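Asks: Would you mind keeping the following structure in view while I ask a few things?
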Amino acid sequence: MRTTIQRFVAIILFILFAGLYSLFSHYFFLQREETSSIILDTMNDDLSELSYILSKTVTSHTNIRSTRAMLDRVVSNNHFIDAIMIVRGDDVLLSNNPQYKTVPPRHEFYISEDESAYNVLKRGIGLEGVVRYYVSDELYLLDLIFIFDQDEIDMRLTQDQTYFMVSFGVIPLLLIAIVAYLFRNYISRPLEKLRQFAYYQSVAPSAFNLKELEAIRSSMLQTFNRLEAEKNELYRMARTDELSGLANRNALNEYLNRLIAESLRNRNEFAIMFLDLDNFKLINDALGHHIGDELLQEIAVAIKEIVRSNDFVSRIGGDEFLIIVNHYSSLQELLHVIDRIQTHLSLPRIIQNHPVNVTSSVGIAFYPKDGSDTVSLMQHADIAMYEAKKKGRSQYHFYTEELNEQVLKAVNIDKAMRAALIDEEFELYYQPKVDLQNGAIVGAEALIRWNSKNDGMIFPDEFIPVAEDNGFIVALGRWIFETACKQQAKWKRKGINIPVSVNLATRQLLEKNFAEVLSNIVKETRADPKKIDLEITEYVLFENTDQNLLTIKSLREKGFSVSLDDFGTGYSSLSYLKQFPIDSLKIDKSFLNDFDKENGAAFIETIINLGKTLDIAVVAEGVETEEQIEYLKSSRCHYYQGYYCSRPVPAGKFENLYHSLNLAVLDTSTKRKSSRKKSSSGSIR
């Protein structure tokens, strides 16, 4: 059973006191017995001496009274004797104290040999001796009796007892009380303070007098201070973004939960803004992550300086920041905050001698209109931010229910796409690429179609953007490429040895060993890499320039040709055409629609002339009318695609179309040759 230090010390003190008291009691009893023996011995000596003197002095019964003075002298010299009597038989012959006229009972004078001196003094009334004297040679015996002065004896023994009680009772108790007091104040209470400090970690106790306890207190204080500092640091680290110094996602969740509870109670509204830097990845790739990190630090400082002191700013990952604006008077005030942030962030910056320009896209959601909890508010602000990015750089957008429905639709499409790939619901259609000069089909572009069991035919513009956003385009693009290669090999065996074009997404080019993957697929399907044309967009040339350049060059080395799709809709930089190995340019349909206008025609002819100058084939897309065909022929364009020839069709229908058109072209060519021969022979004749 455990006990406290106070109880333990009390037990020790009690045992010590009991031991000392027992020892002192034994010593007291010995002293009392010794004192009693001295008193008794003194009276015995006086009794013997007086008995001897009387034996010499008394000569007859008649002169006994003459010894009265002698008896008085003995009594006066011995305070423990109350009276002296000379007795013969039962008659008192002489007594110096008139009170004693009769002889006390004889048994009260009996002294046992084993009885202690103290008991003799306390129990008995006196001592008895014998006086012997002779008369004419006849021996006479008288009894000599000493009567104890009990009061004097009791006083003497009580005095010793009082001295003992003071010396060995009160003083040890006083010492024990002093020890207990000192222990309580110098050990027990300090230890209790240390216990409370260790348990509650409240106010630190002041310095102690005992060196050992002070060392413990000082050590505990240092330890708790260090632990408190470490706890505060861990708390700060757990709620602070290490790079920017702003609040992180943990601190954001705590703040949002408190703010939602407060706003619900007070029926207040607040805005949550999701800010994402535009094209930040390009800065990281082009200048390095150390430049990107320093830029993020400057951006964090800038945002913190722009917003008000009662607004909340956090970095939740990468180049994404979340700003909570509370207590704004109007929507116009909120727009001023957004405008200040975007304007300030778009200012040119110098990071380690590198000029950097950055813009931002902002999505805004409101509590409680757009969400009543942390998750929904952040999701809806994120959705609005992506909608802002779709509108272009340095834009902002407010969340609406329409956006939410679009996101839910995208989520459902994502799930359905992944299942569709497993269930083989995807199919490739092929659109002919036609030679403008003779009308022959010289190539085919592979275009994916989704024939859903539940929803029927789903066209690419509905699911391809979703696949590009969520990364599924990598798996889907590989399936498209593999299927197109199989079809090219199959057509080659049937005598249709034409190039097949496959569209590549930006994410595919970023895959590790992408060129090797495509090369292995070509080998496995026994397709001809020289008959596989890879179509890319201008955005591929702009993003991750160095890596994409290496990948495209590697693909060209393996025999693939490369076409630049939708030329003119992006940056249309001549430096990219000079830098990247491009085999053909494809004019977007939006430009061909304006062929009959001066500006439109000038733009189309510029692209065609550029292709001729750089020795790059030019393909016009979206051709639908005879007028467009005639215009392109007159402009010396090489090829076209469009509904004028055919919509994208399944592989079987494409084969039939190929044979019918190319046979017609062959017949026309044969007739022309025959006509020229006849004309030639006629002239000879």
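The values are calculated or read from the model by the stated rules, or taken from the named source; none is laboratory data. Treat the numbers as computed from the prediction; the structure is a model and nothing was measured. Note that each Cβ is placed from the backbone with ideal geometry, even for glycine, and that neighbours are counted across all protein chains shown.
Asks: Identify all residues within segment 425-443 that are surrounded by fewer than 17 Cβ atoms within 10 Å (Cβ to Cβ) and under 13 Å from Leu476 (Cβ atoms); write none if there are none.
Replies: Selection gives Glu427 alone.
Asks: Would you check if there is a residue in segment 372-394 being in the same structural domain as Ala302 (by TED's automatic domain parsing), crowded, with 21+ Cβ neighbours inside 10 Å and not in a helix (DSSP H, G or I)?
Replies: No, that holds for no residue.
Asks: Go through segment 593-609 and give me each residue that's surrounded by 15 or more Cβ atoms within 10 Å (Cβ to Cβ) and more than 17 Å from Leu436 (Cβ to Cβ). Steps first, answer last, please.
Replies: Narrowing segment 593-609 to residues surrounded by 15 or more Cβ atoms within 10 Å (Cβ to Cβ): 595, 600-601, 603-605, 607-608.
Passing the criteria: Gly600, Phe603.
Per-residue answers, yes or no, for (1) under 21 Å from Leu585 (Cβ atoms); (2) crowded, with 21+ Cβ neighbours inside 10 Å; (3) outside the structural domain of Val619 (by TED's automatic domain parsing):
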residue	(1), (2), (3)
Ala489	no, no, no
Arg507	no, no, no
Asn520	no, no, no
Thr537	yes, no, no
Leu550	no, no, no
Leu564	yes, yes, no
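Asks: For segment 357-366, state whether one or more residues are on the phi < 0 side of the Ramachandran plot, assigned by TED's automatic domain parsing to the domain that holds Asp276, more than 32 Å from the chain's Cα centre (by Cα) and touching a residue at least 24 places away in the same chain (Cβ under 8 Å). Full working, then the answer.
Replies: Applying the first criterion (on the phi < 0 side of the Ramachandran plot) to segment 357-366 yields 357-366.
From the residues that got through so far, the ones that are assigned by TED's automatic domain parsing to the domain that holds Asp276 too are 357-366.
Add one more test, that the residue is more than 32 Å from the chain's Cα centre (by Cα), and what stays is 357-359.
Add one more test, that the residue is touching a residue at least 24 places away in the same chain (Cβ under 8 Å), and what stays is 358-359.
Looking through segment 357-366, at least one residue is on the phi < 0 side of the Ramachandran plot, assigned by TED's automatic domain parsing to the domain that holds Asp276, more than 32 Å from the chain's Cα centre (by Cα) and touching a residue at least 24 places away in the same chain (Cβ under 8 Å).
Asks: Can you spot a residue in segment 209-232 that is in a loop (DSSP other than H, G, I, E, B) and either of a type in the set (D, E, K, R) or farther than 30 Å from Asn310 by Cβ (or both)?
Replies: Taking segment 209-232 first, the residues in a loop (DSSP other than H, G, I, E, B) are 209-210.
From the residues that got through so far, the ones that are either of a type in the set (D, E, K, R) or farther than 30 Å from Asn310 by Cβ (or both) too are 209-210.
Within segment 209-232 (the criterion being in a loop (DSSP other than H, G, I, E, B) and either of a type in the set (D, E, K, R) or farther than 30 Å from Asn310 by Cβ (or both)), the answer is yes, since at least one residue qualifies.
Asks: Moving on. Being modelled with pLDDT of 85 or more, in a helix (DSSP H, G or I) and either of a type in the set (D, E, K, R) or crowded, with 17+ Cβ neighbours inside 10 Å (or both) is the filter here, so list the residues in segment 399-420 that pass it.
Replies: Initially, segment 399-420 is screened for residues modelled with pLDDT of 85 or more, giving 399, 412-420.
Next, from what is left, pick out any that are in a helix (DSSP H, G or I): 412-420.
Within segment 399-420, Ile413, Asp414, Lys415, Ala416, Met417, Arg418, Ala420 meet the criteria.
Asks: If you go through segment 323-333 one residue at a time, how many are touching a Phe, Trp or Tyr at 6+ places or on another chain (Cβ under 6 Å) and within 29 Å of Asn279 (Cβ to Cβ)? Break it down stepwise before answering.
Replies: Keep residues of segment 323-333 that are touching a Phe, Trp or Tyr at 6+ places or on another chain (Cβ under 6 Å), which gives 324, 326.
If we keep only those that are within 29 Å of Asn279 (Cβ to Cβ) as well, we get 324.
Looking only at that region, the number is 1.
Asks: When residues of segment 460-477 are filtered for being modelled with pLDDT under 90 and not in a helix (DSSP H, G or I), how many remain?
Replies: 1
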